[in-house]
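A short write-up of the structure that comes next.
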Amino acid sequence: MSTASSKVAKRSTGYLLGMSVLMLGANVVWTSYNSVLLPTMVQLQPSVAENMRGPTVGLIGFFGTLFAIVASLLAGIITDHSASKWGKRIPGILIGSLLTLPVIALAAIFFPPVVPLIAVSFILMQTFTNVANGAWWPLLADIIPEDQRGTASGIQGILTMVGAALGIVVISGLVSAGQIQLALWVIGILMAVSGIITALIIRKQDKPEPVAIKRSLWSYVGDMFRVKTRVPVFAWVVASATLANMGLNSLAFFATYFIQLYFPNQYPTPEAAASGFQLMGGISLVFTMVSAILSGIISDKVGRRPVILTGVFLCAVTTVAMAFSPSFVFFLIMTAIRSLATGPILTVIPALTSDLSPKDEAGQYMGYANLATGVSGALSAIIFGVILTSWTHTSFFVILIASAFLFLAGALIFIWKVKQKTVDQHTTHDVAKAT
């Protein structure tokens with residue numbers, strides 16, 4: 001449904017890197033706040049009992065993700081109609097990235113923050129980072145030729161992993177050293193700077209709509225529930241991706257708790273578990289970065305569908321193995337293999353959704369595509385948080401087995417509902433002839 005590749009100039013690798021810097025900044029914020037800062041600040045609250053830490057983190061994560069979903073979708077829809085002299089997507093990118101700084105700073109200024117303030121800071125962080133995120137994703141359809149979108153999404157995936165690595169290694173290091181306030185300031189400033197860099201890179205190609213149309217916010221809210229061009233297969237791609245992302249997100253808010261309970265002999269304390277999380281995260285990120293760029297490039301040549309299916313099935317198998325890990329070393333090996341399988345979920349699915357998005361509704365459709373990560377994050381936070389009211393090894397075993405079933409369900413939906421022939425009917429030209 002996008003325009004043909006010949007109508008959009010081919011982009012250099014440097015350009016693709018520059019436009020994706022926002023994803024680096026956003027993922028430093030998301031990874032460090034979700035997995036390190038949020039559980040740590042909740043753990044510092046004497047009013048929160050040990051068996052309520054998981055549910056408290058899960059509840060805050062759930063509401064933060066709900067706000068993120070709405071913000072991302074609305075940002076995509078509103079920027080579809082932007083006639084600002086700054087560009088079509090740049091205003092949303094700048095507003096979101098710059099306002100993230102003061103809302104994160106709230107928790108640093110009033111440190112140690114009470115639980116309500118933690119919730120406000122986290123929810124507003126999710127809101128504004130996803131305003132920027134929702135304005136960014138349509139760029140794949142706006143300014144990237146179709147036969148470069150897998151590569152562009154792969155590069156985005158690499159910077160996503162670099163951001164996550166910085167969040168795990170640097171921010172976890174600051175937290176372990178007791179520098180939580182400094183960590184909050186660092187991630188807020190980095191988000192603001194990354195938004196400015198991305199805006200500068202795309203400023204010449206991000207063309208505004210020719211005519212400004214005055215509309216109320218409520219009219220945009222109404223647009224969330226209707227489209228001009230229907231692409232039924234798109235909904236099935238999003239449904240499959242949502243289940244797969246739930247599998248990936250199952251430990252997102254609870255990773256340090258998991259390590260402490262699953263491997264108590266090696267990591268008996270929260271501080272020790274943080275170091276284990278750094279090791280696990282570092283291995284995961286290295287392998288995911290390799291997979292992200294390779295799967296994106298391969299999908300440009302052999303097709304999105306087979307690459308996605310291979311990745312999701314392999315994630316299911318390795319997650320079951322992780323549940324039965326006899327040692328932390330075995331768990332790390334399975335983590336590495338699953339990370340290789342994660343690349344297609346993180347990079348090839350977004351490339352496929354941009355292929356399927358109608359050009360004049362790219363922001364709205366890519367907003368729907370972001371539901372796969374937003375809804376999965378919200379559901380994972382609340383469902384798995386409730387499971388963790390029972391603070392045991394068995395609880396995490398159940399979470400991992402449930403995650404494997406989610407991957408499998410996502411793969412089966414993709415097989416039955418996302419046929420290559422149907423995909424080809426909704427793109428301007430066949431990305432590949434693979435079936």
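Read-outs throughout are calculated quantities, based only on the coordinates presented, and are distinct from any laboratory measurement. From a predicted model like this one, the values you see are computed outputs, not experimental measurements. All Cβ positions, even for glycine, are placed from backbone atoms using ideal geometry, and neighbour counts span all protein chains on display.
With unit charges on the beta carbon (Lys/Arg positive, Asp/Glu negative), name the residue among G311, S354, P116 whose Cα is farthest towards the positive pole of the charge dipole of the chain. The listed residue farthest towards the positive side: S354. Peptides 314-325, 392-403, ordered by how many other C-beta atoms sit within 10 Å of their residues on average, highest first, read 314-325, 392-403. Along region 37-46 the Karplus relation, 6.51 cos²θ - 1.76 cosθ + 1.60 evaluated at θ = phi - 60°, assigns HN-Hα couplings of 5, 4, x, 5, 5, 5, 5, 6, 7, x Hz to successive residues, with x for each Gly and Pro.
The tail of the calculated P(r) for region 191-317 beyond 18 Å holds 76 percent of all Cα-Cα pairs. If the chain linking V227 and I333 were pulled fully straight, counting 0.36 nm for each residue of separation and taking away their Cα-Cα distance, it would gain 33.7 nm. Counting only DSSP H runs of at least 4 residues, each contributing -39500 (n - 2.57), and dividing by the residue count of the chain, the helix-based mean residue ellipticity at 222 nm comes to -24000 deg cm²/dmol. The protection proxy used here, the mean number of other Cβ atoms lying within 10 Å of each residue, ranks peptides 196-204, 374-382, 97-105 as follows, highest first: 374-382, 97-105, 196-204.
Mean projected area of the Cα convex hull of the chain, taken over all directions, amounts to 18.6 nm².
With point charges of +1 on the Cβ of Lys and Arg and -1 on the Cβ of Asp and Glu, referenced to the Cα centre of region 23-149, which listed residue (G96, F62, T40) lies farthest in the positive direction of the dipole? Value: G96.
Take each peptide in 328-341, 78-91, 412-425, count the other Cβ atoms within 10 Å of every residue, and average; sorted highest first, the result is 78-91, 328-341, 412-425.
Across q = 0.22, 0.27 Å⁻¹, region 259-325 modelled as identical point scatterers on its alpha-carbon atoms has Debye log10 I(q)/I(0) values of -0.97, -1.14, in the order of the q list. Remark: the T13-I297 segment gains 101.0 nm on full extension, using 0.36 nm per residue and subtracting the alpha carbon distance. Dipole check for the chain: with +1 at the C-beta of Lys and Arg, -1 at the C-beta of Asp and Glu, and the Cα centre as origin, the magnitude is about 960 Debye. Each distinct pair of alpha carbons in region 93-168 adds a 1/r term; the inverse of their mean, the Kirkwood radius, is 14.2 Å.
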